[in-house]
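Reviewing the structure listed below.
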Amino acid sequence: MRAGISGLFAFALTLAFSPQVRAADVLAYPQWNSTQIRAARSIAPEEALVFDVRSEETGGRTPARTGMSTVTLTASYTQVVTGAAHELDDHALCRSLSWSDDKPVLDSMSCYALPAFRVTELANRRLLAGVLGGLVKGAPATRTAPYWAEAELAVQDQPSDPLVRRTTPGGVEYRLGDETVARMSGATLPLANEEARRVARYFANHQPLHPQVRHELGTGGSLPARIEIETWSGADKRWLVLTISNVRRMKLDYPLPSGLESALRVSARDGAKTDTEGLRQALLAIDGKSKIEKPSPDALLSEMQQAAAAGRSVEVTLLFLQFAQQYGSLFRGPDAPALLNQLRPLVLAAEKDPAVSRLMDANGLAGDRTQAGDREAAARYLASATELDRLPFGTFRFVTFANLVQNSKDTQHWDPKIFKAMPSPLVRNYWVHIAAYPWASDAYKDAGDTDFTDYDMQGAWLAYDLGRAVDNRWRDGVMSTLGAFEDKLRSGQPDFF
């Protein structure tokens, strides 16, 4: 069935009766500088467990690699300092922060990005295990066991204990079949239960230790002086040896210095226009400095009525799309019946225009991967419909195009000229629209989901967090579903948090 305006109007009715997932607040945003971060949380001194870690990776055909770090663990943060580089997991604000003494700008990433990548990559390897099994020549048979992916990624999707634990004269070792894959030896300092949990959190976020071994560290006892972990690089067997020393307890101030500029803002200011205009416009909107108008619901309705009176049916359609993206929650409010009665005659009259039907056919195919139709023709139309860009919300064609590509099969066989006419990579289509209209969170959700599919979790949560910063109605749209996923990460992978 053709998806015209009547189909779009039915979508509005669906919004009116669909329950929404309520997502949690973002406690700190990626564009914040270090002074803003410090103002959002307690910076009072905290009791800390501090120790030094010497890492040495040997074996295989590559040279040995060594490093020295100082680790600080408190109730609210984990800090790892390696030379001039600082990594700070702020558990109170759910941000992973980094900066360097010789480059004083602050990188800020959501704390969900790393565990999201790990669990997604593990699921992907599960799917590929049958294909890849036995391809690593020279490796023992156990190399294809699920253990190896779980150890490298430090996550499990189903709790299990694949290793046999054996006490040795010097400590404890863990065996997978006939092979020893991890050892712990020596003792530095007895750990209180809460300290042990913080140690496990450090290993989850920073070391390739299998969850079974990590969980033992998190149950208390003593912090070992030496941990050996077997790893693989291609067909090369290697050993990572962590030597822990100088363990002490101290009371320390929050370590993030004031005055660090946001790396995101530096990128937005200094980056190439083609890659960062959407980011710049998003930040202007967040800062209250945007010159792009965000119409009120009444203004949009008035514009639709004026466009309908003048016979500008395509403009009516685009304005309705803008209304649905920005104010979809009104279709669920107490005034929804009256609002729908005002919108219905406008959108149903616009449907009679063949130009509108073409646009909405493409929109219907983009939103439903099961809908029958000529998807390549729809993509060709969207790629060539540059006249829409001059109309209000006309750049929504870029969003529709990207969604169409992602919801279609065999796109590799489409006319290459279609893709040459549109931004590449695909995620840039969403940012072109955001650059023209930065106010609605739905486009940010689409951009984030595209990065998620491409395993770019840092980019995904950048889009998600910016969308939640710019649109105070994000809880009423598709962005609200993100909260359920974040809650699932917290419950399924608690060691990261």
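FYI, it's all coordinate maths here, none of it is from the lab. For clarity, every value in this text was computed on a predicted model and none was experimentally measured. As a convention, Cβ positions derive from the backbone with ideal geometry for all residues, glycine included, and neighbour counts pool all protein chains shown.
Let me have the 222 nm mean residue ellipticity of the chain computed from DSSP H runs of 4+ only, each contributing -39500 (n - 2.57), with the sum over all residues rounded to the nearest 500. Before the final figure, lay out the partial values.
Working: 19 runs with 220 residues, N = 497.
Taken over the chain, the calculation gives -13500 deg cm²/dmol.
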Check: (1) 176; (2) 150; (3) 167: which one is volume of the Cα convex hull per residue in Å³ as calculated from this entry?
Finding: (1)
Note to self: Please rank TYR174, TYR147, fewest neighbouring Cβ atoms within 10 Å first, as an exposure proxy.
What the structure shows: TYR147, TYR174
Notebook entry, point to check: Excluding same-chain residues fewer than 8 positions from LYS289, which lysines have a Cα within less than 21 Å of its Cα?
Noted result: LYS273
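As an exercise, use a Förster radius of 60 Å and the Cβ-Cβ distance of ILE286 and ARG166 to find the FRET efficiency, rounded to the nearest 0.05. Before the final figure, lay out each step's value.
Details: r = 55 Å, r/R0 = 0.92.
Efficiency for this residue pair is about 0.60.
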Notebook entry, point to check: How far apart, in nm, are two points set 7 Å out from the Cα along the Cα-to-Cβ line at ASP275 and at ASN472?
Noted result: 3.5 nm
Note to self: What FRET efficiency comes out for GLN458 versus ASN341 if R0 is 45 angstrom and r is the Cβ-Cβ distance? Round to the nearest 0.05.
What the structure shows: 0.50
Checklist line | Neighbour-count order for ARG473, ARG183, fewest beta carbons within 10 angstrom listed first | finding: ARG473, ARG183
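Determine, for THR400, THR70, THR370, the number of other Cβ atoms within 10 Å of each Cβ, and report the residues in order from fewest to most.
Values: THR400 27, THR70 13, THR370 6.
Starting with the residue having the fewest Cβ neighbours, the order is THR370, THR70, THR400.
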Margin query: On a full-extension model of 0.36 nm per residue, what is the gain between GLU194 and LYS352, subtracting their alpha-carbon distance, rounded to one decimal in nm?
Written below: 50.2 nm
Next item on the list: Can you pull the one-decimal nm distance between simple spin-label points at LYS103 and ALA24, each 7 Å off the Cα toward Cβ?
Entry: 3.0 nm
Check: Label-point separation (nm) for HIS413 and ALA84, each offset 7 Å from Cα along Cα-to-Cβ?
Finding: 5.5 nm
Note to self: Full-extension gain between ASN246 and SER42, please, as 0.36 nm times their residue separation minus the C-alpha to C-alpha distance.
What the structure shows: 70.7 nm
